[in-house]
Each structure stands twice: as C-alpha cells, then as structure tokens.
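Notes to accompany the following structure.
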Amino acid sequence: MRVGLFDSGIGGLTVLKELIKKHPNHHYIYFGDTLNMPYGNKSKEELSFLANNIIEFLISKKVDLIIIACGTVSSNIGEELKRQYKLPIIDIVSPTIDYINKNNYTDVGLIATSMTIKSKVFSKRITEVREQECPSLVPIIENDEINTEICNQKINEYLLPLKKEKIRTLILGCTHYPLLTNKIEEYFNNDIELINMGTVLANSINLENETDYKLELYFSKINDQLITNVKNIIGEEKVNLKIIGK
Ligand code: DGL
C-alpha cells in the first residue's frame, strides 16, 4: 500500500518510524513542510491552505491513504479534511484519545502546541485532562537545541505545573515531542508514562496490500541541519535516505 504522511517538519517522522516498525512492508511517502514550520500558532485558514496543498501533492504521488502526522492539523481541521477528500485520511489524535478512554487512564496531562490546546479536541473528549501549551518546543527541536540550557529551562517552565499536580500519564500531543522523550522522563524521575501518538496509531491500524518496503521523503526546505535530523530519527543505515525538495 502507498501511505502518505505529512507534518510541518521532522515531527511526523516519529509517527513514520513507529509505522515502519509495526508495518514494514509498505511504501511510505512523507512530506515535511519545513518552509512553513512551525504550524503550532497558525490560524485554521492558514493550516487549511497548507494542508490542502500537501494533500494534493501526496495524491499526485498516488497514495492510497493519508495519515495526518501533525497534532495541530489533526486537532483543528482533521475532520474537515476527511470530509473534503475521497481517499481515506487518518488523523493522529483520535487513536490516542480512544486509547486513553478505553484504558481508563486517570491523572492525565497533555502537552501540545497552542493551536492544539485551543482546539479543545482533547479536553472535549477526555474527562479531566490537564493541558499545557508548549510554544517554544518545536523550534528548539527543529534547530537541534535539545541538549541546551534553553531547552532545559523551557521544559521546566512547561512541565513544572504538571509535576506539581502529580500527573501520572502524559500525552505527547505534538508529534515532535517524542524526540524529547529522554529529557521528559528524566524530568519526571522516570515516574511517568508517556503516550507517543505514533505508537498508538501504529498499533491501532491495519494496512492491507503488503508490498516491498520503500521510503520517499520530501521537504519544502532543506538544509544540513534537516538532513542530520532526519538521519538521526530514521536511522540512515535502515533506510535508503533520499531527500527531495518540493
Ligand atoms: N508536529 C506538529 C504537531 O504535532 C506541528 C508542530 C508545529 O509545527 O508547531 O502539532
């Protein structure tokens, strides 16, 4: 099956990685909109314009299915996009919301972009979720500043209120955040369960029509930092890394 995925940048690669692990025998086509990143504070109109262009691009690549590997797009315009197109579109947030509810998680926290929090998609569908927006984390991750003091400061600023409220489960509501897993676990003294939306999605779907594994990666802006980030996330030796500008 030809599976299309997209995000504002490298975040959706955390979803792609989980899909490849669980469903290796498929042809994956990924688009990261690095030119327009970050998406986390864009209006619904802007998100809709950008997402429509990307979906048209993926359709031109003859995908059978599209996964919105971006929490912000999924939360704000996911349902609208599903109605608009004939081909199946899966958003990244719904499987996690269903998983949390089905397993009766309590003391749940959510970290996400400002627009995801503003959409209220999690708080409407999960009873009692403590939400925290983290506007600076995506640029920090994209700029590879994870191991810097500024990153530590921001993590402390955003996570301290959640730590004080003794949350036991933390939904990583933006697909960039799994790249901070070690830092976040350390911050909570390894006493927390992190929910990676990519893992939940990969475990919740069936992909039919297996074929030879293939990966195509497209980005709207490419620089050395991006190439290093992609190699680090996907693992160069595992994939035939090919980055092509749109
Ligand atoms: N990774 C995206 C998300 O899940 C987009 C974040 C951004 O570009 O601000 O929300």
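Give 166/231; 21/166; 17/183; 17/221 a once-over and call out the pairs whose C-alpha atoms are over 30 Å from each other. All intermediate terms of the calculation are to be shown ahead of the outcome.
Working: 166/231 36 Å; 21/166 32 Å; 17/183 19 Å; 17/221 21 Å.
Among 166/231; 21/166; 17/183; 17/221, the Cα-Cα distance tops 30 Å for 166/231; 21/166.
Determine the dipole magnitude for segment 33-113: charges of +1 sit on the beta-carbon of Lys and Arg, -1 on that of Asp and Glu, nothing else is charged, the reference point is the Cα centre, and the result goes in debye to the nearest 20. Mind showing how you got there, number by number?
Values: 8 positive and 10 negative charges, 44 e Å.
Approximately 220 debye in magnitude.
Using the Cβ-Cβ distance between residue 186 and residue 49 with R0 = 51 Å, the FRET efficiency computed as 1/(1 + (r/R0)^6) comes to roughly 0.85.
Listed peptides 68-74, 220-226 appear in the order 68-74, 220-226 once ranked by packing, highest mean of other Cβ atoms within 10 Å at the front.
Pairs spanning more than 19 Å between alpha-carbon atoms, out of 61/214; 62/214; 120/164: 120/164. Helix 13-22 and the long axis of the chain differ in direction by around 70°, with both axes built from C-alpha atoms. Rounded to the nearest 10 degrees, the angle from helix 149-164 to the longest Cα principal axis of the chain is 60 degrees. Taking each DSSP H run with n ≥ 4 as -39500 (n - 2.57) and averaging over every residue of the chain yields -12500 deg cm²/dmol at 222 nm. A P(r) calculated from all alpha carbon pairs of segment 6-50, with 5 Å bins opening at zero, reads 5, 21, 25, 19, 13, 11, 5, 1 percent. Length gained on full extension, residue 103 to residue 224: 39.4 nm, using 0.36 nm per residue less the C-alpha separation.
A straight Cα-to-Cα reach below 12 Å connects residue 44 with the aspartates and glutamates 80, residues fewer than 8 places away in its own chain not being considered.
For segment 97-246, the relative contact order is 22 percent, taking Cα pairs closer than 8 Å that sit 6 or more residues apart in sequence and dividing their mean separation by the residue count.
Comparing 32, 81, 15 along the charge dipole axis of segment 1-102, the residue lying farthest to the positive side is 15, per the Cβ-charge model. Peptides 147-154, 32-39 ranked from most to least packed by the mean count of surrounding Cβ atoms within 10 Å: 32-39, 147-154.
Percent of C-alpha pairs per 5 Å bin in segment 53-193, short distances first: 2, 9, 19, 20, 19, 14, 9, 6, 3, 0.
In this Cβ point-charge picture (+1 for Lys and Arg, -1 for Asp and Glu), the chain has a dipole of about 480 debye about its Cα centre.
The numbers here are math on the coordinates, done by the rules we state, and not lab data. Source: prediction; values computed, not measured. Methodologically, a virtual Cβ is constructed for each residue, glycine included, from the backbone with ideal geometry; neighbour enumeration extends over all protein chains shown.
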